[in-house]
Amino acid sequence: MDPILVKFRNKLLIYTLIVLLSGLLVGYFSGEEFILKWSWTLVALFSITSWLIYFMLFKESRVHPKKFIPWFMGISGLKMFLFLAILISFVFFNKDAAIPFVITFFACYLLFSIFEVIHLLKMPMGDKNTSDENK
């Protein structure tokens, strides 16, 4: 595996643990109503999707660096619709837990989106071999 992907994976695992511990602390201090049983599943979902998106964009940027922006926009749109479908489905079937779920979902979406964008901005474009030859 590419060292850049390994570095991102390790940072993502550490970040996921920080988010989980933060959620545990918020749940402890705010009571059981705020943090759901689903929050651990949500953190895992967001962590896995962040990894998959970074992996796909990294591989595509190595082959076609000029297509990075369309790929990023397309994947971001798909991610948004997938997450919106999950959110609407949960709220539709579990009206009692809708508000805490939406708050937890939004917090995870915001935290992991920020993390993902920061690391995507730092991602090198193009193949290492071709960029070295052009210098």
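The values are calculated or read from the model by the stated rules, or taken from the named source; none is laboratory data. Keep in mind the model is a prediction, meaning the values are calculated, not measured. Neighbour counts run over all protein chains shown; Cβ positions are idealised from the backbone, glycine included.
Only one entry in M1, M80, M73, M56 is not in a helix (DSSP H, G or I) and not charged (D, E, K, R), namely M1. Of everything listed in (1) in contact with a Phe, Trp or Tyr (Cβ under 7 Å, 6 or more places away or on another chain); (2) at pLDDT 80 or above, the single unmet condition for G27 is (2). Screening K37, K11 for residues that are in contact (Cβ under 8 Å) with a residue 60 or more places away in the chain and surrounded by fewer than 17 Cβ atoms within 10 Å (Cβ to Cβ) leaves exactly one candidate, K11. Of everything listed in (1) within 13 Å of L12 (Cβ to Cβ); (2) over 16 Å from the mean Cα position of the chain (by Cα); (3) not polar (S, T, N, Q), the single unmet condition for E60 is (1). Of all the listed residues (F93, F112), the sole one being modelled with pLDDT of 90 or more and surrounded by 13 or more Cβ atoms within 10 Å (Cβ to Cβ) is F112.
With the condition kept exactly as written, say whether any residue in the range 6-21 is of a type in the set (D, E, K, R), at pLDDT below 90, more than 12 Å from the chain's Cα centre (by Cα) and on the phi < 0 side of the Ramachandran plot. Within the range 6-21, none of the residues are of a type in the set (D, E, K, R), at pLDDT below 90, more than 12 Å from the chain's Cα centre (by Cα) and on the phi < 0 side of the Ramachandran plot.
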